[in-house]
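Just below is one structure, and these are the notes that go with it.
All of the numbers you see were taken from the coordinates with simple rules; none came from a lab. Owing to the predicted nature of the structure, the values given are computational and were not obtained by experimental measurement. Note that we place each Cβ from the backbone using ideal geometry, even for glycine, and neighbour counts take in every protein chain shown.
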Amino acid sequence: MERTDTTYVQLCGRFVVELQGRRVEQRFPSRQGRLLFAYLVLQRPRAVGRDELIEAIWAGAPPANPAPAITVLLSKLRAAVGADVLAGRGSVHVALPPGARVDVEAALAALHRAESAVVQGEWTSAWSAALAARYVAARPLLPDQGDLPWLDAWRRRLDEALDGALEAYAAACLGLGGTELAGAERAARRLLERSPLRETAYRLLMQALAARGNVAEALSVYERARTVLRDELGIPPGPAIHEVHATLLGRHG
């Protein structure tokens, strides 16, 4: 039986819009229609004026007659999603029903839960929330839409969210221990590949390797951190890395 209670918007990876259990993205008026809807979803619940929409869609290179062009685009988009979803006239906003899910919003909320759970030492909650955030943030945001200032800003935000999710996931796996230690190592390595100046990535990788019995390799990660931070920033490793290093030296001696 077809579900009629699901409203879901997916902006990362494949573009999906499901309204009350009905997929509607194929009805959208062109690439610009998808871009307009995505912009409004990411701005919700704020109402957006037409001048702002023109700038968002055409980024400083609008058509010769932008006012009628945006009016036509809004009319076609409203026909695709309904006047109850694309609400307003002079200024417009996307109104989704209670319980609607937007993948970007869900990822950022999951990251917040994961980071809070890490602070509280609630490793199981941190693990699941970090995994949920990773799942979304690892996929490209609107990959077929090119480069626009607001889109680039959101992509950077999701890149940062992915780093945060990897960090929280590695910490949660360390906290859980056992069979999750391999996951901690993989997440820390990926984080370090993405952000080679992130000191927490070195610390987590050192801890994961040591927990798996690879103390010598963990010590080599410290040397890598020391070299990279010295060459790139002219600073030594911070206290958190140094403390792990000192502990490992004691174990290795």
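Cα axis of helix 215-233 to longest principal axis of the chain: angle in degrees, 0 to 90, nearest 10?
60
Which angle between 0 and 90 degrees, to the nearest 10, do you get for helix 199-211 versus the longest principal axis of the chain when only C-alpha atoms count?
Approximately 50 degrees, to the nearest 10.
Cut-off 16 Å, label point 7 angstrom out along Cα-to-Cβ of S128: give me the residues of the range 174-205 whose amide nitrogen falls inside.
Under 16 Å, as judged by backbone N against the label point of S128, lie 176 of the range 174-205.
Multiply the residue separation of E55 and E243 by 0.36 nm, subtract the distance between their alpha-carbon atoms, and state the gained length in nm to one decimal. List each step's numbers first, then the result.
Details: separation 188, 0.36 × 188 = 67.68 nm, distance 5.02 nm.
Extra length available between E55 and E243 comes to 62.7 nm.
Which entry in (1) -0.62, -0.71, -0.86; (2) -0.47, -0.57, -0.80; (3) -0.58, -0.70, -0.93 matches log10 I(q)/I(0) by the Debye sum over Cα atoms at q = 0.10, 0.11, 0.13 Å⁻¹ derived from the coordinates of this structure?
Step by step, log10 I(q)/I(0) by the Debye sum over Cα atoms at q = 0.10, 0.11, 0.13 Å⁻¹ for this structure corresponds to label (1).
Using only Cα atoms, tell me the angle between helix 239-252 and the longest principal axis of the chain; keep it within 0 to 90° and round to the nearest 10.
With rounding to tens, the tilt is 40 degrees.
Report the extension gain between D84 and D147 in nm, rounded to one decimal, defined as 0.36 nm multiplied by the number of residues separating them, less their alpha carbon distance.
Details: separation 63, 0.36 × 63 = 22.68 nm, distance 3.01 nm.
Length gained between D84 and D147: 19.7 nm.
Grab the DSSP H runs of the chain that are 4 residues or longer, score each as -39,500 (n - 2.57), total them, divide by all residues and round the 222 nm result to the nearest 500 deg cm²/dmol.
Mean residue ellipticity, 222 nm, calculated: -21000 deg cm²/dmol.
By how many nm would the segment from E232 to R22 lengthen if fully extended, with 0.36 nm per residue of separation less the alpha-carbon distance? Spell out each step's value before the answer.
Values: separation 210, 0.36 × 210 = 75.60 nm, distance 5.18 nm.
My answer for the length gained is 70.4 nm.
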